[in-house]
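Engineer: Quick one: the structure is below, questions incoming.
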Amino acid sequence: MEDKKIKYEDVKIYQAEQLFKMKCEDEVIYDADGKRILLKEEKIIKRIKEIMQPIIDNFIAIGKAAMNIVQPMAKCLLEVSKTMATSKLTKKRFIKLLQSEGIQRNEINKIVENNNEKYTYARLYNSVNEYYKNNTKK
């Protein structure tokens, strides 16, 4: 890469201050006679990478730490949900839970009528979703 030439009038004060803060003295040449700034792009890019690398590494470390915390919790929740989905309910409890979802007694009787399936939380969830899906279309 070749040096980038910038005229003094194209540079704002805060931009020059940023170059000083980056400690790029070796990469920047201020040519007062020619009223321009010469930037050694390759060295500036390398310097920016040096400055940014610890920040990037810290973000990666934060992501890994979050993953190490969230992953076991997600596995635990999955196990609990699988267990709850297949755990049995009594008919009375099943009916009360349907009522708590706002389903009327007549509709519950239609759901429970001629039952051959086990009463489970998974069935409860499916019954409630199916009820609301069928009754919101009307």
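The values are calculated or read from the model by the stated rules, or taken from the named source; none is laboratory data. Given the structure is predicted, the values throughout are model-derived calculations rather than measurements. Reconstructed Cβ throughout: ideal geometry from the backbone, glycine too, with neighbour counts over all protein chains shown. Just so you know, the surface numbers come from the protein's heavy atoms only, side chains and all, with ligands and any DNA or RNA stripped out. Shrake-Rupley method; radii C 1.70, N 1.55, O 1.52, S 1.80 Å.
Engineer: Mind checking the full-extension length gain between LEU89 and GLN71? Use 0.36 nm per residue of separation minus the Cα-Cα distance, one decimal, nm.
Structural biologist: Length gained, LEU89 through GLN71: 3.5 nm.
Engineer: Tell me the label-point distance for the pair ILE45, ASN134, using the 7 Å Cα-to-Cβ offset, in nm and rounded to one decimal.
Structural biologist: Reported label-point gap for ILE45 and ASN134 is 6.6 nm.
Engineer: Right, here's the next one. Considering amide H positions built from the backbone, and no H for Pro or chain starts, which residues 5 or more places from LEU89, or on another chain, come under 5 Å of its amide H?
Structural biologist: Close amide H contacts, sequence-distant or interchain: TYR119, THR120.
Engineer: Write down the Å³ per residue value for the convex hull defined by the alpha carbon atoms of the range 71-138.
Structural biologist: 103
Engineer: Moving on to the next point. Round to the nearest 10 and report in Å² the accessible area of TYR132, as given by a 1.4 Å probe over the protein chains' heavy atoms.
Structural biologist: Counting only protein heavy atoms, the figure is 90 Å².
Engineer: Of all the accessible heavy-atom surface of the chain, with the other protein chains kept in place and a 1.4 Å probe, what percent is carbon and sulfur?
Structural biologist: Accessible surface attributable to carbon and sulfur in the chain totals 56 percent.
Engineer: Another question, if that's okay. Leaving out ligands and nucleic acids, and using a 1.4 Å probe, what accessible area per residue does the chain come to in Å²?
Structural biologist: Per-residue value: 82 Å².
Engineer: Over 29 Å between C-alpha atoms is what I'm after, so list which of LYS7/LYS43; LYS12/LYS64; LYS82/LYS133 land there.
Structural biologist: Beyond 29 Å between Cα atoms: LYS12/LYS64.
Engineer: How big is the convex hull of the Cα atoms of the range 1-107, per residue, in Å³?
Structural biologist: Spelled out: Cα convex hull of the range 1-107, divided by residues, is 237 Å³.
Engineer: Skipping prolines and chain starts, which residues have an amide H placed within reach, meaning under 5 Å, of the one on ARG36, given they are 5 or more residues away or on another chain?
Structural biologist: TYR8, ASP31
Engineer: With a Förster radius of 41 Å, plug the Cβ-Cβ distance of LYS7 and ALA61 into 1/(1 + (r/R0)^6) and report the FRET value to the nearest 0.05.
Structural biologist: 0.45
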